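Notes for the one structure printed next.
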Amino acid sequence: MKHALDALVGHWNTTGGSVPAGDAPASAALSIRGTDRYEWLPGRKFLVHQADVWMGDDKVNVIEVIGPCGERLERIPMHSFDNEGNHTVMYASQEAAGVWSFFNDELRTRLTVEEGGARMRARWERRGDGGWVPWLQMEFAKTT
């Protein structure tokens, strides 16, 4: 049975950067480069996401478990764990075919899978003084 999250399954080359805060110059942006991988656990109830990226000079490793996944395509729990010992809970909701929002009270993004499924892009925001502020811009190119 096909699931809407199947569009994320595969290996991705990841590039992007941070958005400098306030009046900071563009040179203050951190580059992002690495890989992301999405795979279903047997039974297709949980999607596992592994990220292995560099943010500037910092290595970031994340494993995320998305699910349980079923017919409902809103507020799907997402639990992520990183190499610094952080645990973050977010939720996934499908906005339209190929468009997902991932969110909690502090972070949010819209992930768009391009038609054909070979590329994705995400624009992250985080809560700052006075509301939501741009944080990261990321691009993903599918390798397998």
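The lone criterion from (1) closer than 21 Å to residue 117 by Cα; (2) surrounded by 13 or more Cβ atoms within 10 Å (Cβ to Cβ) left unmet by residue 55 is number (1).
Cβ separations smaller than 6 Å between residues 6+ apart or across chains give the following pairs from the stretch 16-30 residues that are in a loop (DSSP other than H, G, I, E, B) to residues that are exposed (fewer than 15 other Cβ atoms within 10 Å of the Cβ) and modelled with pLDDT of 80 or more: 19/134; 20/28; 29/20; 30/56.
Could you please let me know if residue 117 is of a type in the set (Gly, Ala, Ser), within 16 Å of the chain's Cα centre (by Cα), surrounded by 13 or more Cβ atoms within 10 Å (Cβ to Cβ) and not in a strand (DSSP E or B)? Full working, then the answer.
Values: of a type in the set (Gly, Ala, Ser): yes; within 16 Å of the chain's Cα centre (by Cα): yes; surrounded by 13 or more Cβ atoms within 10 Å (Cβ to Cβ): yes; not in a strand (DSSP E or B): yes.
Here the answer is yes, as residue 117 does meet what is asked.
Here's the yes/no breakdown for (1) among the β-branched types (Val, Ile, Thr); (2) more than 15 Å from residue 70 (Cα to Cα); (3) surrounded by fewer than 16 Cβ atoms within 10 Å (Cβ to Cβ):
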site	(1), (2), (3)
2	no, no, yes
14	yes, yes, no
17	no, yes, no
21	no, yes, yes
29	no, yes, no
39	no, yes, yes
51	no, yes, no
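The residue list 139, 95 contains one member that is free of Cβ contacts under 8 Å to residues at least 40 places away in the same chain and either within 28 Å of residue 71 (Cα to Cα) or part of a loop (DSSP other than H, G, I, E, B) (or both), which is 95.
How many residues does the stretch 123-136 hold that are surrounded by 15 or more Cβ atoms within 10 Å (Cβ to Cβ), touching a residue at least 40 places away in the same chain (Cβ under 8 Å) and not aromatic (Phe, Trp, Tyr)? Matching residues across the stretch 123-136 total 1. From 98, 130, which residue is small (Gly, Ala, Ser) and in contact with a strand residue (DSSP E or B) (Cβ under 9 Å, 6 or more places away or on another chain)? Selected residue: 98, the only one of 98, 130 that is small (Gly, Ala, Ser) and in contact with a strand residue (DSSP E or B) (Cβ under 9 Å, 6 or more places away or on another chain).
The values are calculated or read from the model by the stated rules, or taken from the named source; none is laboratory data. Here the structure is a predicted model, which means the values were calculated and not measured. Here the Cβ is made from the backbone with ideal geometry for all residues, glycine too, and neighbour counts use every protein chain on show.
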